[in-house]
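This report refers to the structure that appears directly beneath it.
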Amino acid sequence: MLPPLPHNIIGLTQAGRAWSGVQLLVTGYDCDGEGTSVLPHRDHARLSVVLEEHGGACEPRLQPHRPCPVEHVPRHMYFAPAGMEIWGHTKYARRVVDAVLMFDLDVLSERLETTLDPDRIGVPRLRFANDRIWNLVKLLSEAVHNPDPSMHLYGDGIITAVSSQLFAAPRITEFKAGGLAPWQLRRVIDYMDANLPHRIELDTLATLVNLSQAHFSRAFKISTGLAPYQWQLDARIRRAQLLLSASDASLGEVAHATGFADPVHFGRTFRKMMGLAPGAWRTEHKR
């Protein structure tokens, strides 16, 4: 029996199927108004892929009252490790369809005959886009009701491809000479995203990837073009842009939500980076 629906969900359809190491659940939500609710399947490592969005966007959140730190992209998805709580938020969406793949990582690792990259299965990724994964999951969702016995092998093949994209260790050639390895950069950026707008100290970031502070700082700048503190400041300003353009929050509220001491400090920093005061920028970009 399904739990009670969130107040802004007025209709729901579900269909599911299981393959070796993976359960798939395709859910259609009919929405009316704004709402935030905790998403199911917390006990599983899972990939949630948005197949359809009509009338507006949905977003995953790490906390119910804090907007997603990653801007909306088409065909977005998120990955969450087992035990991690994720919240879903919709405001203008009328209908959303998503496909959730819940992974039994031990079974999957045995089936693939490989050790899954611990840094890929243990780090959340919010609102990222991968056209190859999206198309594969779309094909898998279309196989849910197909009674053909060959669909089992068909699904296994798709799941192998999706899992390789998600969990395979990155190639060593992917990183810039002298920069962070892909897994190191992903771990640090995911950590900073998850903790915005709070400033993360250099020693904490360096410890995440087992480097000295000096080595980490040089490698991070080579990889991103920015020093760690500059990257965090840039991310806070990007979040401020989102709040200014998509909400009616006051400048004081935006300053507080993005970690600035007061509106004056926020306004001075925003103008320096964007060339306009926050109010003027909002006037030009208000949605």
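The values are calculated or read from the model by the stated rules, or taken from the named source; none is laboratory data. All values derive from a computational prediction rather than experimental measurement. All Cβ positions, even for glycine, are placed from backbone atoms using ideal geometry, and neighbour counts span all protein chains on display. Please note that ligands, DNA and RNA were not included when accessible areas were found on the heavy atoms of the full protein model with its side chains. Shrake-Rupley method; radii C 1.70, N 1.55, O 1.52, S 1.80 Å.
Filter the stretch 96-143 down to residues that are under 22 Å from TYR29 (Cα atoms), open to solvent by 70 Å² or more (accessible area, probe 1.4 Å) and of a type in the set (D, E, K, R), then give me how many there are.
Residues that pass the stated criteria total 1.
Select, from VAL73, VAL49, the only residue that is buried (at least 17 other Cβ atoms within 10 Å of the Cβ) and assigned by the TED database to the domain that holds LEU108.
Working: VAL73 fails: buried (at least 17 other Cβ atoms within 10 Å of the Cβ).
None of the other options fit; the residue is VAL49.
VAL50 - would you say it is under 9 Å from VAL96 (Cα atoms), β-branched (Val, Ile, Thr) and at pLDDT 90 or above?
It is true that VAL50 is under 9 Å from VAL96 (Cα atoms), β-branched (Val, Ile, Thr) and at pLDDT 90 or above.
Tally the residues that are closer than 24 Å to ASN130 by Cβ, among the charged types (D, E, K, R) and more than 12 Å from the chain's Cα centre (by Cα), restricting the search to the stretch 47-74.
Of the residues in the stretch 47-74, the ones closer than 24 Å to ASN130 by Cβ are 47-54, 56-62, 67-74.
Subset that is among the charged types (D, E, K, R): 52-53, 59, 61, 71.
When the remaining residues are screened for being more than 12 Å from the chain's Cα centre (by Cα), the result is 52-53.
Qualifying residue count, the stretch 47-74: 2.
Among the residues of the stretch 1-30, how many are in contact with a Pro (Cβ under 9 Å, 6 or more places away or on another chain) and either modelled with pLDDT under 90 or over 18 Å from LEU101 (Cα atoms) (or both)?
1
Do we have any residue at all in the stretch 179-200 that's over 27 Å from PRO60 (Cβ atoms) and either in contact with a Phe, Trp or Tyr (Cβ under 6 Å, 6 or more places away or on another chain) or open to solvent by 50 Å² or more (accessible area, probe 1.4 Å) (or both)?
If we filter the stretch 179-200 for residues that are over 27 Å from PRO60 (Cβ atoms), which is where we start, we get 179.
Now drop any that are not either in contact with a Phe, Trp or Tyr (Cβ under 6 Å, 6 or more places away or on another chain) or open to solvent by 50 Å² or more (accessible area, probe 1.4 Å) (or both), which leaves none.
Taking every residue of the stretch 179-200 in turn, none turns out to be over 27 Å from PRO60 (Cβ atoms) and either in contact with a Phe, Trp or Tyr (Cβ under 6 Å, 6 or more places away or on another chain) or open to solvent by 50 Å² or more (accessible area, probe 1.4 Å) (or both).
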